[in-house]
Amino acid sequence: MTGEGGVVETPADTRREPFYAALVEDDADELYDNAPCAYLSTLPDGTFVKVNETFLGWTGYDRTTLLGHRRFQDLLAPGDRIFYETHFSPLLRLQGHVREIAVDVVCRSGARLPVLINSVLKRDPAGNPVVIRTAMFDATERRAYEQELLAARQRAEASEVRAKELARTLQTTFLPPAVLPVPGLDVAGAYRPAGDGSEVGGDFYDVFETGAGAWAVVLGDVCGKGAGAAVLTALARYTVRAEVLRMESPAAVLAALSEALLRYYPDEFCTAVFALLSPASTGTRLVVSSGGHHLPLCLRADGTVETLGRSGTILGLVDQPDLTDVRTTLHDGDVVVIYTDGVTEARHEGEFFDEDGLCSVLRDAATWGAQAIADHIVASALAFQGGHARDDMAVVVMKRPSAPTSG
């Protein structure tokens, strides 16, 4: 190209191409060796063939002592080494990848480094395993939290008294001390543990803002009682809070909770109702999904009672639970009650409190505030069974106040 004065110009892209190519190559090497996570490649039997500087810096090993001489699983803590051989390696061969596996790497100094690993298995055209590529993330802070929960559970199992005390302490963190106000709604919750109230079970509820004017309400029941149930409750509550930030479907949030239960506690399960609330032109929009839980009851302002949602699969039992979002609108004077089975299955001389009893109590208290309604439901179910709760009871009431009448 000829420019002013007859000077031949070289296109900028052409002149810079060698520079950019070299820069990209240098950056790729630099990114691999000094990435914020550790990278390593091993043969199918675990023998190291390549590691980056990050891995060496974290663990203190020399590259020459690892490559071709040591196996990755040999660097794991004893329990994790067994897990690698019995679960990690077979699963990797079966599906070609594993994600977010928590293990401890024993460093050269003898210290243990908690990590999360993601691995993929590369095969040749004939399908034979060739190399395992692994990305490793420092999980020190996360593991400290997990180990704290595990230590708490072990201490609880050592003493019945300490177990009850721990469970009560944990439970206070699973129930909001006060339900935050939701614009346009009166929302409240009530909880009563089984028995004399000294042992905590698996019922929980939470009400929180999701952003953009939307609010979430979750109520559930995990299997078991005491410290074990408290740990599952923690998983359920915080999984829901985390997942709702990246998905707007209650059914999808419950599906994520079901997946978490299958992954971390495959022998446990829970039921739950999840609802999203947002303002609508004629009231409050409510989207609800149930995972094996009793459907919410809605007392309309005209006195009719209806169930909201559609029954779904219990969470933590199957890989793909059947969960559905159902939408409705709450108008002035409508009251919605979400409850656990400790309420309707309260028994007295072979009779159940059941939904008829709940509906009767709800109609009697329909003009009250949400907190008074929630407390009255629990008190009525407790009185029905002679003051001794056979199961935990949790209730969340959402009421859209009636429009003021003109004088």
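For the reader, a short list of remarks on this structure follows.
- Matching residues, segment 291-302, being open to solvent by less than 40 Å² (accessible area, probe 1.4 Å) and farther than 24 Å from PRO183 by Cα: GLY291, GLY292, HIS293
- Members of segment 67-94 that are closer than 30 Å to ARG263 by Cβ, without any contact (Cβ under 8 Å) to a residue 60 or more places away in the chain and of a type in the set (A, V, I, L, M, F, W, C): LEU75, LEU76, ALA77, ILE82, PHE83, PHE88, LEU91, LEU92, LEU94
- Residue in segment 361-382 that is at pLDDT 95 or above, outside any helix (DSSP H, G or I) and aliphatic (A, V, I, L, M) present: no
- Remark: VAL120 falls outside the filter, which requires a residue to be under 25 Å from ARG263 (Cβ atoms), assigned to a strand (DSSP E or B) and modelled with pLDDT under 95.
- Residue in segment 265-285 that is farthest from the chain's Cα centre (by Cα), counting only those that are surrounded by fewer than 18 Cβ atoms within 10 Å (Cβ to Cβ) and outside any loop (DSSP other than H, G, I, E, B): GLY283
- Of all the numbered requirements in (1) in contact with a strand residue (DSSP E or B) (Cβ under 7 Å, 6 or more places away or on another chain); (2) at pLDDT 85 or above; (3) open to solvent by 10 Å² or more (accessible area, probe 1.4 Å), ASP206 misses one, and that requirement is (3).
- Scanning segment 81-103 for residues that are surrounded by 14 or more Cβ atoms within 10 Å (Cβ to Cβ) and either in contact with a Pro (Cβ under 6 Å, 6 or more places away or on another chain) or assigned to a helix (DSSP H, G or I) (or both) yields ARG81, PHE83, TYR84, PHE88, SER89, LEU91, LEU92.
- Qualifying positions in segment 215-242 - charged (D, E, K, R), assigned to a helix (DSSP H, G or I) and crowded, with 19+ Cβ neighbours inside 10 Å: ARG237
- One residue alone among VAL343, VAL288 is open to solvent by less than 30 Å² (accessible area, probe 1.4 Å), within 21 Å of ALA381 (Cβ to Cβ) and not acidic (Asp, Glu), and that residue is VAL343.
- Conditions (1) modelled with pLDDT under 90; (2) within 13 Å of ALA272 (Cβ to Cβ); (3) in contact with a helix residue (DSSP H, G or I) (Cβ under 7 Å, 6 or more places away or on another chain); (4) not basic (Lys, Arg): number failed by GLU199: (2)
- Hits in segment 45-71 (condition: in a loop (DSSP other than H, G, I, E, B) and under 33 Å from the mean Cα position of the chain (by Cα)): GLY46, ASN52
- Within segment 349-359, one or more residues are in a helix (DSSP H, G or I), hydrophobic (A, V, I, L, M, F, W, C) and in contact with a Leu (Cβ under 9 Å, 6 or more places away or on another chain).
- Of all residues in segment 277-300, those that are on the phi > 0 side of the Ramachandran plot have Cβ atoms under 6 Å from Cβ atoms of residues that are crowded, with 21+ Cβ neighbours inside 10 Å and outside any loop (DSSP other than H, G, I, E, B), 6 or more apart or on another chain, in GLY283/LEU330; GLY292/THR271.
- Residue list for segment 295-320, restricted to those being touching a strand residue (DSSP E or B) at 6+ places or on another chain (Cβ under 8 Å) and part of a loop (DSSP other than H, G, I, E, B): LEU295, PRO296, ARG300, LEU308, GLY309, ARG310, SER311, GLY312, THR313, ILE314, GLY316
The values are calculated or read from the model by the stated rules, or taken from the named source; none is laboratory data. Keep in mind that this is a model prediction, so the values were computed, not measured. Cβ coordinates were reconstructed from backbone atoms using ideal geometry, including for glycine residues, and neighbour counts include every protein chain displayed. We work out accessible area using only protein heavy atoms, side chains counted, and drop any ligands, DNA or RNA first. Shrake-Rupley method; radii C 1.70, N 1.55, O 1.52, S 1.80 Å.
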